[in-house]
Amino acid sequence: VKRDQARALNGLGDPVLFAGALLLAALGIGMIWSAGQVDLPSGVTGAWRRQLAWLCISILAFAAVTRVPLRWLEWATPWIYAFSIILLLAVLIVGSGPNTRSWLRVAGFSFQPAELAKLATILLLARLLGLRKEPQTRLFDLWKPVLAVVVPFLLVMAQPDLGSALIFVVILVCALFWAGIPLFTIFMLVSPGVSLILGFSAAVWGVWFVIVVLGLYLRRPFMAEAVAVALANLAAGALATPLWNRLAPYQQRRLLVFLDPDIDPRGAGWHLIQSKVAIGSGGVTGQGFGLGPQKRLAFLPEQHTDFIFSVVGEELGLIGVLVFLALLAWFLRRVLRIATGSTQGFGSLIVFCFFGVWFAHLVINVGMTVGLMPVTGLPLPFISYGGSFLLTTFVGLGLVCRTAYEN
Amino acid sequence: MRGGEAVRLSRARRARAAAALLGVVILVLAAAFFRLQVLGGGSYELQSRNNRLRPIPIPAARGAVYDRHGELLAESIPGYSLSLLPAPPDSALATLERLAPYLSLESSAIEAILERRGRNPQLPVLVRDDLSFEQVAAVEERRPEFRLVVIETHPRRRYPPGSVVAHVIGYVGEISESELDSDQFVEYEAGRIVGKQGIERSYESELAGVAGTRYVEVNARGSIVREFPSDLARSAQPGSDLILTLDLALQQFADSIFPVGDRGAVVALDPRTGGVLLLSSFPSFDPNLFVGGISEPDWAAIRDDPGQPILNRAAAALYPAGSTWKLVLATLGMRENLVGIETYMPTSCRGALQFGNRAFRCWRPEGHGSLNLSEAIKESCNVFFYQLGLRIGLDPLLSGVNGLGFNQATGLDIPSEISSRFPESREWYDRTFGRRGWTESVVLNLSIGQGETEQTLIRMAQFYSSLAIGQSPVVPHLLQSEVLERVRESWTLGLPEARRAELVSALVRVVNEPGGTAYWHRPTEWTLAGKTGTAQNPHGEPHSWFVGFAPADDPRIVIAAIVENGHPDNRTSRAVPLASQIVSQYLRSEGVPPDHPIEEPAQPPPPGVTGVVGGIQ
């Protein structure tokens, strides 16, 4: 019996990591329960029960994924990817959602295809980049992985869901970084994106362009590459304003409010101001679990999803915040170790990409509650309410544990 | 295989880089939380409180106002007010529209409320403060529809005597925009009830009390969640009660005898204290209508009434003083030894006085013949006073009259009191008419209270109270206060006591001797001294004046009465009987022993008789 137990634990790949994930998810459900303790009747009150149900489903999915050999998965990757792209197309046609068409409703059961697409894209990138013994160094050789990301990226942007789209960029950069692609190549690849962001200010963009050109001159890549990168930067700088105008007004507001929350204190800035007030009023020890007045009186928006960490700050204070951050950091560090320790290119890349995605979620979500990041609507892994996100997180965790197991 | 090694090597490096990034980012985040929660904690705690705590003013009950005998003039009774908590404009509008049928709010009223709300969106806005219990019950029954609504017991002003005291007590109303901006109301907030007129206004700071504050916790939608016990909460302190010098019974008596439909005013002072015993202006209005906001039809009725009920004719209206003015001339003349009580003027009255190429007429076309000062007062001969005015001369007349305060307000504690008018100097004439636009003949009109002078009733009453007591008169006041009783005017008549007594005896003759202009309406039990007046005016028949005091030898009451257009030619003056009855009523109620036991009842004037009783000047 003991041996069976040991084998079962061994089958988990990294039982400690899994236990940590369960602890985080349990804390998350606790916070979601607290988020539902409000003075007005609210749908959030029952959210913790739904999250608990989702956690059970997620654990089953995790268990299933840990039984699937990575080799099978590698074989199935193109099909999974194709299926996710079809769903992304479908959601553009029949999707629903408050601001964006990002939810697909099937038989009374709704989920975000973008979540599956992230998973599929990670798998495809791992397959494209992980089989090579020698990393590509030329920019143009990277067209396949770039294309694999650009397709879902554009489809998600079309919803439009800026936050999720950003995650695809994170996935691409993580995969290239972990595949050993030279940093300057990644720099060249990403530089048009930076141009796009800096394009609003001619002066700032000018400085950036000089840096790019200088880099190209010093590192002397192939001529065609250099010209292409320079042209792409030019084009991105020029396109910035028209593209900005294509953004939904709520997205424009969110980005502007990130720069100055007081420009719209009753509208988009409201979230950020109320979140800071909630966190600030928590002090060192917090207002007490379940008792935060900002949350109770509905001043804090999205208190169970995007701004769950503000509830942590308000009710558990700095101490609670540090405990949560330490747990998350410990978890991510352990995932990174698995990626480092894996000899298998495909699995290692998957693990690192999940590390990158979760890390990005952590930085953006927690950073947004204190005003370091724009309000993008990215959930906090394990903690935020959200069934399909919890599910993909545990599926990802399953892949991480499978990789650890196969090692 | 070397490539694989390279990948692995670079992977180890990159893993270290990723781990380092993770560490740095977590530290940055921790630092951001430290900054918010430890360094900025206090201010965010405050913001969190401001977010959810709403101060709600607790209105203080205004002090009651009583008359000299303790009769209630104004009181605060419990009422219900309904306010809206701060909320977005559309939800405020929606709530008001749902409330409208229960509170009978018109759409104009809703607009006005929304406008007030917009001025101070962070504070609750008062919707109505005069709700009946039924209205409150109707709203409370539908509480879930009205989450933004606060219903409070709210002291409500009531004036039991109603229109009888309107011009004394004034009324209250919600503070206006311009009042909020003024210095007097620095500590007031929008929605407060303040005194608008009369005593309510002049003693606002005493009557108002101090509003309290309580705190409620509200949610993000502005709905009240619960009462919040706060150290900052204060209970309201009611305002002080005031006792006035006014005699409500006398006020009601005047109201009952004032000719119905006539316009005018009556003022009575206690000459010894300056206390106002009576101040009535006709027509009047019901000040209770203004409490809680006057309705549009009520306001239209008051505004469009040609009788201008709002106008306080006792203190805020100017009239030519007419012949009541002659005592001012007599005082100046005696003071300068230009005339004695037995002095005759060179020209006897033939019905007019020729001055330059103009004839200045006396009221009695056939003339009074030769009169001394006492007789000229008794019979109100214009020709005598024209000559006295000329004898005094324009400059001494102007400076002398101004020295008696006739171009100022008396300082009565009613805010609407206005200044009397009298030219201050020759320069005034130059400015007004141009240097060549006038002649010395203005002195003739000024001598009989016509021309470029207009006086308030209260000012004339005050002058006669100084005639009555022979001292600087006390500044008239409504509040019973020993301090106010000591505030005297800076001027005196400047007459030796004997001279003053001679003038009083002339005033006694006016009322008590056959041939005197007020003889037909003299009081039966007390000796009334006084002077009638007929003020020519451009608005029709002359105004009828009477100013006097009684008992003549120990004055307890000074009375001034005016009835607009109350002296048609050849008919009885309407002011004299009014004054006479009020004086008798007052002295009787005060238990003043009669000067002369009833001997002969006053006879009504024989109808159709002209001359003696008609056309009194």
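Rule-based calculations on the coordinates, nothing more; no lab input. This one's a predicted model, so the numbers in the text were calculated from it and none came from an experiment. All Cβ positions, glycine included, derive from the backbone under ideal geometry; neighbour counts span all protein chains shown.
Points to keep in mind about this one:
- Size of the stretch A:265-407 from its Cα atoms: along the principal axes, largest to smallest, the extents are 51, 30, 25 Å.
- With distances taken between every two different alpha-carbon atoms, the stretch B:158-243 has a Kirkwood hydrodynamic radius of 15.2 Å.
- Square roots of five times the Cα gyration tensor eigenvalues for the stretch B:90-165, Å: 24, 17, 12
- 10 Å beta-carbon shell around B:Y519, net charge (K/R +1, D/E -1): +2
- Loop trypsin sites (Lys or Arg not before Pro), the stretch B:409-489 (other Cβ atoms within 10 Å of the site Cβ: 14 or fewer; DSSP): B:R435, B:R436, B:R486
- Residue-wise HN-Hα coupling along the stretch B:497-512, computed from phi with Karplus coefficients 6.51, -1.76, 1.60 (Hz; x: Gly, Pro): 3, 5, 5, 4, 4, 5, 5, 4, 5, 5, 5, 5, 5, 4, 9, 10
- The label point for B:T213 and the one for B:A20, both projected 7 Å from the Cα toward the Cβ, are 5.5 nm apart.
- Residue among A:V204, A:V363, A:V44 with the largest mean-square fluctuation in a Gaussian network model of chain A, springs linking Cα atoms under 10 Å: A:V204
- For A:280-293, mean number of other protein chain Cβ atoms within 10 Å: 4
- Zero-based 10 Å bins, Cα pair distances in the stretch B:283-367, whole percents: 12, 24, 20, 14, 15, 12, 1
- When only alpha carbons of the stretch A:327-402 are considered, Rg and Dmax amount to 12.9, 40 Å.
- Taking all pairs of distinct alpha-carbon atoms in the stretch B:36-80, Kirkwood radius in angstrom: 14.9 Å
- Estimated from helical segments only, the mean residue ellipticity of the protein assembly as shown at 222 nm is -16000 deg cm²/dmol, where each DSSP H run of four or more residues counts as -39500 (n - 2.57).
- Convex hull per residue volume in Å³, alpha carbons only, for chain A: 154 Å³
- Exposed loop sites were defined as chymotrypsin sites (Phe, Trp or Tyr not before Pro) in DSSP loop states (anything but H, G, I, E or B) carrying at most 16 other C-beta atoms within 10 Å; in chain B the longest segment without such a site runs B:1-437.
- Set of aspartates and glutamates with alpha-carbon distance to B:K326 below 18 Å, sequence-local pairs under 8 removed: B:E336, B:E342, B:E375, B:E379, B:D395, B:E452, B:E454, B:E502
- Size descriptors for the stretch B:284-333, from the alpha-carbon set: Rg then Dmax equal 17.8, 55 Å.
- Placing +1 on the Cβ of every Lys and Arg and -1 on the Cβ of every Asp and Glu, with no other charges, gives the stretch B:325-385 a dipole of roughly 220 debye about its Cα centre.
- All C-alpha pair distances within the stretch B:314-357, sorted into 5 Å bins from zero, spread as 5, 14, 16, 20, 22, 10, 7, 5 percent across the bins.
- Rounded to whole numbers, the Karplus 3J(HN,Hα) couplings from phi for the stretch B:77-85 are 10, x, x, 10, 10, 10, 10, 10, 6 Hz, using 6.51 cos²θ - 1.76 cosθ + 1.60 with θ = phi - 60°, and x at Gly and Pro.
- Given their separation in residues at 0.36 nm each and the Cα-Cα distance between them, B:V28 and B:A233 gain 69.7 nm when the chain is fully extended.
- Under 5 Å, built H, 5+ apart or other chain: amide partners of B:V225: B:E217, B:V218, B:N219
- Across the stretch B:202-273, Cα pairs under 8 Å and at least six residues apart give a relative contact order of 28 percent.
- Computed from the C-beta positions of A:R50 and A:Y250 and an R0 of 41 Å, the FRET efficiency is 0.95 to the nearest 0.05.
- Computed over chain B, Cα set: Rg, Dmax in Å: 35.1, 149
- FRET efficiency for A:D4 and A:A76, using Cβ-Cβ distance with R0 set to 30 Å, rounded to 0.05: 0.55
- Separation of alpha-carbon centers, the stretch B:245-288 and the stretch A:20-61, rounded to whole Å: 78 Å
- Rounded, prolate or oblate (a/c below 1.5 giving rounded, otherwise prolate when a/b exceeds b/c) for the stretch B:95-226 by Cα gyration tensor: prolate
- Over the stretch B:509-559, the fraction of Cα-Cα pairs per 5 Å bin, rounded to whole percents and listed from the shortest bin up, is 5, 21, 26, 21, 12, 9, 5, 1.
- Sorted largest first, extent of the stretch B:454-606 alpha carbons per principal axis (Å): 48, 43, 31
- Between B:F433 and B:L114, the FRET efficiency estimated from the beta carbon spacing at R0 = 60 angstrom works out to 0.70.
- A crude spin-label estimate for the pair B:E513 and B:R143, with each label 7 Å from Cα along the Cβ direction, gives 8.1 nm.
- Table column - 3J(HN,Hα) (Hz), the stretch A:54-70, Karplus curve with 6.51, -1.76, 1.60, x for Gly and Pro: 4, 4, 4, 4, 5, 5, 4, 4, 4, 4, 4, 5, 5, 8, 8, x, 4
- Averaging over all projection directions, the Cα-based convex hull of the stretch B:353-506 occupies 10.9 nm² in the image plane.
- Average projection area in nm² (convex hull over Cα atoms of the protein assembly as shown, one quarter of hull surface): 59.5 nm²
- Taking amide H as placed 1.01 Å from N in the peptide plane, B:V487 has its amide H under 5 Å from the amide H of B:V475, each at least 5 places away in sequence or on another chain.
- A:S42-A:K144 pseudo-label distance in nm [points 7 Å out on the Cα-to-Cβ vector]: 4.9 nm
- Normalised contact order of chain B, rounded percent, pairs of Cα under 8 Å and 6 or more residues apart: 13 percent
- In the stretch B:406-485, the alpha-carbon atoms span a convex hull of 116 Å³ per residue.
- Interchain or long-range residues, amide H under 5 Å from B:V127's placed H: B:L82, B:S83, B:L84
- Label point at B:I243 placed 7 Å out along Cα→Cβ; residues across the stretch B:484-525 whose backbone nitrogen lies under 20 Å: B:484-487
- Proximal lysines to A:K295, defined as alpha-carbon separation beneath 28 angstrom and excluding residues fewer than eight positions away on the same chain: A:K276
- Taking the Cα atoms of the stretch B:10-84, the ratio Rg/Rh between the radius of gyration and the Kirkwood radius comes to 1.64.
- Between the C-alpha center of the stretch A:121-155 and that of the stretch A:222-256 there is a gap of 22 Å.
- Extended-chain gain in nm, criterion 0.36 nm per residue less alpha-carbon gap, B:S589 and B:S176: 144.5 nm
- Of A:T305, B:Q237, A:V351, farthest towards positive along the dipole that unit charges on Lys, Arg, Asp, Glu beta carbons give the protein assembly as shown: A:V351
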